[in-house]
Amino acid sequence: MSALDPREELAKRLGLLHVPPVRFDSPHEIQKLLAENDYLSDEAIASVTFLADRLAKPVLVEGPAGTGKTALAQAVADSIGARLIRLQCYEGLDESKALYEWNYRKQLLRIQAGRPEGSAEEWAHLEEDIFAEEFLLTRPLLEAITATDPVVLLIDEVDRVELETEALLLEILSEYQVSIPELGTVRAKQIPMVFLTSNNTRELSEALKRRCLYLYVGYPTIERERDIILARVPGISAVLAEQIAQVVRSLRTLDLKKAPSVSETLDWARTLVVLGREEIGEQDAADTLHILLKYQSDIERATKELLGRSKPVA
Amino acid sequence: MLNLLGDFIAELRAAGIPVSMSEHVDAARAVQVIDLSDRALVKSSLAATLVKDGDHLPVFSTAFEVFFANRAFDSVADLMDGVEAQSPEGATGASGPGQAPGEGGGASSSMSAAELADLLFRALREGNRDDLRRAAAEAVTRYAGVEPGRPVGGTYYLYRTLRNLELDALERRLSEASLADQNTSDALAERLSRDEAHARIEQLKSEIEREIRERLVEDRGAEALAKSVRRPLPEDIDVMHANRDEMAQLERALRPLSRKLAVRLARRRRRRRRGPVDLRHTVRRSLSTGGVPIDLRFKPPRPAKPEIIVIADISGSVASFARFTLHLVHAISSQFSKVRSFVFVDGLDEVSQLFEGVDDPAEAVARINAEADVIAFDGHSDYGRAFLTFHERFADQLTKRSTILILGDARNNYHQAHVEVIADLKYRSKAVYWLNPEPTSYWNSGDSIVSQYAPYCERVVECRTLRQLEAFVGELA
């Protein structure tokens with residue numbers, strides 16, 4: 001087995017002059033760096049991020065809504081001082097929105113300014129001219145590839161695009177290059193970190209999954225959730241944070257339509273802090289449950305199960 | 001080449017997780033760049049490279065624990081080539097690998113049952129992991145009665161240990177103790193301490209499970225054990241023979257599944273090719289181009305949403321299957337123009353109204369047994385009679401847009417088949433499908449009479465797992 005480092009191999013293929021240095025020394029360093037940016041990771045998150053850097057592979061992050069998938073990309077970008085380039089996916093996203101588009105107005109201007117006299121040579125020259133990089137409008141994917149400053153590419157909610165559109169991503173994810181028929185292949189000037197997030201509303205294609213490392217971000221353990229609250233909500237007491245984490249854990253075990261996410265937990269914690277509470281009493285919980293839960297039936301069920309009341313207090 | 005990683009991947013594949021060649025390569029590369037003495041790191045690295053579906057993680061996790069339980073690997077070479085890495089002193093029955101503190105074997109027998117209970121309670125109370133681990137090891141030594149060499153997966157040992165520990169009482173004691181500490185008595189605090197106690201007990205259970213697994217690996221080796229503890233992925237669980245745990249897994253898998261299915265179907269419907277040219281609309285548009293119809297407008301495609309009629313056998317053996325199908329069909333009912341459901345044993349009753357205005361089909365399904373009037377005589381399924389009743393009462397409401405799904409194993413208890421009824425139903429409706437939760441090889445054995453009904457059905461489909469059910473329903477809409 002050849003011991004060629006994947007980074008070296010990729011750098012050679014991309015024609016980079018030197019292999020870009022690794023960004024992190026160890027998963028522990030990542031945990032520390034992320035914590036400094038107010039993102040509390042766990043072992044799995046740190047080690048996958050570490051591998052993504054070492055193996056030069058994109059990371060596919062999956063999990064329920066509001067568990068910090070997008071925030072992870074942001075925090076990684078912050079911690080290595082990189083620019084975050086974000087591509088928000090939606091149904092109907094196409095090449096011209098994701099990769100590149102020809103700036104045809106500018107091309108028209110060029111043609112009019114040049115006014116070819118009709119000779120074939122001049123025409124060929126002009127044609128070559130108007131399909132140059134100068135007339136290319138870069139969209140997020142191409143921008144991430146051509147950037148020379150450090151960037152982190154985030155492809156958000158990739159499960160929203162159609163199956164066919166997914167194919168657009170494949171070349172950039174495995175080869176870090178974009179092929180433009182009129183221009184040739186644009187290769188990356190660096191090896192950017194790439195994160196894809198998915199809410200798992202549909203099965204992603206095998207081809208896409210194979211090219212990525214997979215990270216499942218579920219709801220945090222009670223200890224981690226408490227620490228997240230402590231880190232993100234200023235002025236909260238340890239007792240209150242612990243209690244909030246406990247209530248949220250209990251809520252998640254109920255069979256709810258939408259379990260409270262981490263971001264909703266944080267909203268709730270902030271509310272309680274603003275209300276000046278040191279502990280959660282029954283009345284406080286009943287009054288503020290609507291911050292955690294978004295469906296009336298969920299609120300009713302939670303009130304009944306947790307507080308032992310049949311009707312929510314208005 | 002004897003290759004531990006290769007063996008591990010073979011085990012994953014045998015458990016049903018699709019691992020491609022390139023993922024194998026990635027895993028091999030990953031283990032070269034990480035610190036192999038950190039087991040958690042090895043585990044998450046292998047998970048990231050080999051498993052690409054969150055639902056598959058529990059299966060991966062079990063396989064990993066079994067395969068790498070007692071193996072210390074310090075170098076890549078160990079992981080790539082080593083198979084002999086099991087510690088030789090493991091066979092003595094002590095509590096295994098380096099990270100378990102405290103010597104299990106000798107000291108444990110001196111501990112009385114009361115002392116053990118006390119240790120357990122204290123460990124759980126304070127949430128001290130090391131103590132908990134030690135207590136779990138004691139409990140296993142004392143109660144599991146592990147017999148070397150027996151080819152079992154350890155469920156029985158687990159059951160024996162847990163029964164002796166009387167966890168329910170322990171859990172109650174824990175929650176009462178923590179409640180007494182807080183000296184409040186409102187319902188919320190009570191509930192919270194109950195959940196906390198429950199979580200700790202679960203932690204203890206998984207410690208015990210781990211302990212038993214480690215001993216079994218020492219006893220019989222990882223490859224053999226992996227085979228006995230291998231569990232199917234949620235989508236491959238046989239619905240008819242699922243145990244309670246697996247049933248819960250299925251329930252959990254069903255909701256995201258129906259959501260995914262609905263999204264896929266809606267998308268497909270939207271993207272279906274457009275209808276014929278809409279002349280009126282096109283002419284109106286052409287006014288802006290001087291009467292030249294440049295911009296053609298099309299009629300939206302006619303939504304060909306089928307009307308679904310489900311007739312389900314809910315007698316004992318096939319009940320769980322029927323409930324799953326009803327749940328799934330109603331969960332995606334927006335993809336059909338109408339869904340009506342009927343359940344029967346030897347009498348037949350309509351249950352569509354149970355699903356009306358209910359947000360969560362699971363609730364309605366739970367009410368079916370209590371509220372549907374399905375037993376006319378002796379409570380043994382009688383397909384012939386049920387179909388007759390259906391025909392009598394509802395046949396005139398069938399149209400050429402109705403698709404009938406019949407769910408059941410066609411085990412008719414040697415009653416009359418009344419095949420002619422199905423023939424008439426087929427004539428009146430668009431199609432009749434029969435979903436059979438039994439494996440094909442069991443069909444027509446004993447009192448199963450699938451083959452008598454089959455000629456009058458569009459198709460008879462074997463439908464034992466969620467995967468098969470999903471595929472069928474996806475085709476239907």
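Of the residues making up the range B:356-371, at least one is under 30 Å from B:Asn444 (Cβ atoms) and away from chain A (no Cβ under 14 Å). For the range A:145-193, a tally of residues being under 28 Å from A:Leu17 (Cβ atoms) and assigned to a loop (DSSP other than H, G, I, E, B) returns 13. Annotation note: of B:Phe321, B:Phe344, the sole residue that is crowded, with 18+ Cβ neighbours inside 10 Å, within 22 Å of B:Gly379 (Cβ to Cβ) and within 25 Å of the chain's Cα centre (by Cα) is B:Phe321.
The residues on offer are B:Gly474, B:Gly446, and the sole one that is of a type in the set (Gly, Ala, Ser) and in contact with a Leu (Cβ under 8 Å, 6 or more places away or on another chain) is B:Gly474. Could you go through the range B:207-214 and let me know if any residue there is closer than 16 Å to B:Leu124 by Cβ, assigned by TED's automatic domain parsing to the domain that holds B:Asn128, free of Cβ contacts under 8 Å to residues at least 40 places away in the same chain and surrounded by fewer than 22 Cβ atoms within 10 Å (Cβ to Cβ). No, that holds for no residue.
For A:Glu62, state whether it is crowded, with 22+ Cβ neighbours inside 10 Å and touching a residue at least 24 places away in the same chain (Cβ under 8 Å). Taking the combined requirement at face value, the residue satisfies it. Based on what the data block shows, is B:Val358 β-branched (Val, Ile, Thr), in the same structural domain as B:Ile309 (by TED's automatic domain parsing) and over 27 Å from the mean Cα position of the chain (by Cα)? Here the answer is no, as B:Val358 does not meet what is asked. So which residues in the range A:48-99 are over 30 Å from A:Ile291 (Cβ atoms), polar (S, T, N, Q) and within 14 Å of chain B (Cβ to nearest Cβ), if there are any at all? Across the range A:48-99, the qualifying residue is only A:Thr49. For the range B:271-279, the count of residues that are in contact with a Leu (Cβ under 9 Å, 6 or more places away or on another chain), of a type outside the set (A, V, I, L, M), farther than 17 Å from B:Leu469 by Cα and modelled with pLDDT of 75 or more is nonzero. The number of residues in the range A:12-28 being within 12 Å of chain B (Cβ to nearest Cβ) and exposed (fewer than 15 other Cβ atoms within 10 Å of the Cβ) comes to 2. Does B:Lys400 fit the bill of being part of a loop (DSSP other than H, G, I, E, B) and either within 29 Å of B:Ala471 (Cβ to Cβ) or touching a helix residue (DSSP H, G or I) at 6+ places or on another chain (Cβ under 7 Å) (or both)? Yes, satisfied. Considering A:Thr288, A:Thr265, the condition of being part of a helix (DSSP H, G or I) and either without any contact (Cβ under 8 Å) to a residue 40 or more places away in the chain or within 14 Å of chain B (Cβ to nearest Cβ) (or both) is satisfied by A:Thr288 alone. Of the residues making up the range A:177-218, those that are of a type in the set (A, V, I, L, M), surrounded by 19 or more Cβ atoms within 10 Å (Cβ to Cβ) and within 13 Å of chain B (Cβ to nearest Cβ) are A:Leu196, A:Leu204, A:Leu208, A:Leu213, A:Leu215, A:Val217. Of the residues making up the range B:40-70, just one is more than 7 Å from every other protein chain (Cβ to nearest Cβ) and in contact with a strand residue (DSSP E or B) (Cβ under 7 Å, 6 or more places away or on another chain), namely B:Asn70. Listed conditions (1) at pLDDT below 85; (2) in a helix (DSSP H, G or I) are all met by A:Glu279, apart from (2).
Residues checked against (1) without any contact (Cβ under 8 Å) to a residue 12 or more places away in the chain; (2) of a type in the set (A, V, I, L, M); (3) closer than 23 Å to B:Ala372 by Cβ:
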| site | (1), (2), (3) |
| --- | --- |
| B:Ala386 | no, yes, yes |
| B:His391 | no, no, yes |
| B:Leu398 | no, yes, yes |
| B:Leu405 | no, yes, yes |
| B:Asn413 | no, no, yes |
| B:Ile422 | no, yes, yes |
| B:Lys426 | no, no, no |
| B:Val432 | no, yes, yes |
| B:Val450 | no, yes, no |
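Evaluate the range A:127-144: report whether one residue or more is touching a residue at least 60 places away in the same chain (Cβ under 8 Å) and not in a helix (DSSP H, G or I). Taking every residue of the range A:127-144 in turn, none turns out to be touching a residue at least 60 places away in the same chain (Cβ under 8 Å) and not in a helix (DSSP H, G or I).
Using the structure shown, decide if A:Thr221 is more than 10 Å from chain B (Cβ to nearest Cβ) and within 24 Å of A:Glu62 (Cβ to Cβ). For A:Thr221, the condition - more than 10 Å from chain B (Cβ to nearest Cβ) and within 24 Å of A:Glu62 (Cβ to Cβ) - is not met.
The values are calculated or read from the model by the stated rules, or taken from the named source; none is laboratory data. Computed from a prediction, not measured in an experiment: that's the story for all the values here. Positions of Cβ are generated from backbone atoms using ideal geometry, with glycine treated the same way; all protein chains shown enter the neighbour counts.
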